[in-house]
């Protein structure tokens with residue numbers, strides 16, 4: 001009897017243990033912290049060109065909705081002013097410039113993380129005038145009318161420099177004449193600190209005409225201004241680069257913001273404000289040269305951005321060409337160790353592949369700028385590809 005009672009107690013104990021195991025919660029597998037997306041918090045200061053005010057404000061609002069607990073503080077001004085502020089120590093985490101020149105100045109000063117630099121949008125120029133058009137502007141030639149009041153941005157501001165480029169290009173054409181640019185410049189009544197100030201003066205009727213970005217003109221919906229297009233041959237497709245700073249107090253948040261600008265959502269917001277997005281076929285232009293592929297630093301060149309390089313001049317087939325030496329270009333873009341070739345691609349689709357070794361062996365090889373602002377590769381030692389006109393892309397492989 002004792003033995004039977006003992007066996008019965010053992011069976012009851014085992015049954016109770018089994019019931020307890022059945023009702024106990026299943027163990028959970030701890031989350032793997034290495035696979036979890038890093039949480040973003042804190043705030044950053046984004047220094048952005050004045051022409052980005054509307055688009056970046058919306059981008060910032062969307063970013064903060066997607067990442068609660070973050071705050072984006074914007075500083076909008078002329079790109080030259082922003083570069084100067086950063087160089088003088090103003091705390092910034094991201095810089096979005098309206099041209100490559102001011103970005104390069106910040107890079108050279110050591111305040112920008114150059115490895116993070118990427119183009120994110122493009123823009124173009126347009127002439128604006130008050131809605132009642134007091135100067136009766138019907139054509140670009142009318143900007144040279146006596147006593148016309150013209151407002152431009154300062155030459156140190158990207159849009160101001162592009163406006164001067166437009167006038168210089170026009171003066172080289174017979175329908176405008178060599179006196180066009182100096183005559184128009186005599187009509188300038190003020191040079192403003194940024195493009196928004198030009199837009200404001202014209203919309204308020206304080207001058208007869210101004211030159212701004214097309215995105216600024218499209219931001220005015222009350223009918224207070226009229227517009228006059230500048231044709232591609234005289235225009236500049238301005239490339240906007242963005243990068244994080246070297247001494248960002250919140251580098252992960254800064255990089256996340258840059259990444260968001262380049263997402264489909266960020267690009268859609270830019271497109272809504274009239275910017276040419278980086279994936280838009282319209283951004284492929286003979287007036288800009290895209291350089292990418294197996295290299296460290298992708299580059300987008302315009303005639304304006306070449307001003308930051310030491311020019312090189314060569315004589316080829318009885319003509320003189322001036323531009324960026326391939327040697328300087330290689331230093332700038334830093335092809336990776338296994339890179340072997342340059343593929344040159346023209347606007348008409350024609351291509352030529354040249355070994356990097358051949359380029360480095362030819363001290364006269366350059367990327368030249370034509371009088372119309374387009375690019376031509378000059379490689380005197382390579383008979384199969386010694387001159388490619390209307391160059392739009394170089395891919396390093």
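The table below lists the values:
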read-out: Packing-based ranking, highest mean first, of 351-359, 389-397 given that Cβ atoms within 10 Å are counted; value: 389-397, 351-359
read-out: Residue order, fewest to most beta carbons within 10 Å, for 129, 213, 180; value: 180, 129, 213
read-out: Packing rank of 360-368, 91-99, where each peptide gets the mean count of other beta carbons within 10 Å, highest leading; value: 91-99, 360-368
read-out: Three-way shape call for the range 93-206 based on the alpha-carbon gyration tensor, with the a/c threshold at 1.5; value: prolate
read-out: Packing-based exposure ordering (other Cβ within 10 Å, fewest first) of 39, 221, 154, 100; value: 221, 39, 154, 100
read-out: Full-extension gain in nm, residue 347 to residue 232, via 0.36 nm per residue minus C-alpha separation; value: 40.0 nm
read-out: By average C-beta atoms within 10 angstrom, highest first, the peptides 203-210, 131-138, 107-114; value: 203-210, 107-114, 131-138
read-out: DSSP-defined antiparallel bridges as percent of all bridges, the chain, nearest 5; value: 70 percent
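Taken together, the values in this text are just the output of simple stated rules run on the coordinates, not laboratory data. The model shown is predicted, which means the values in this text are computed figures rather than measured ones. In this analysis, Cβ positions are derived from the backbone assuming ideal geometry, glycine residues included, and neighbour counts consider all displayed protein chains.
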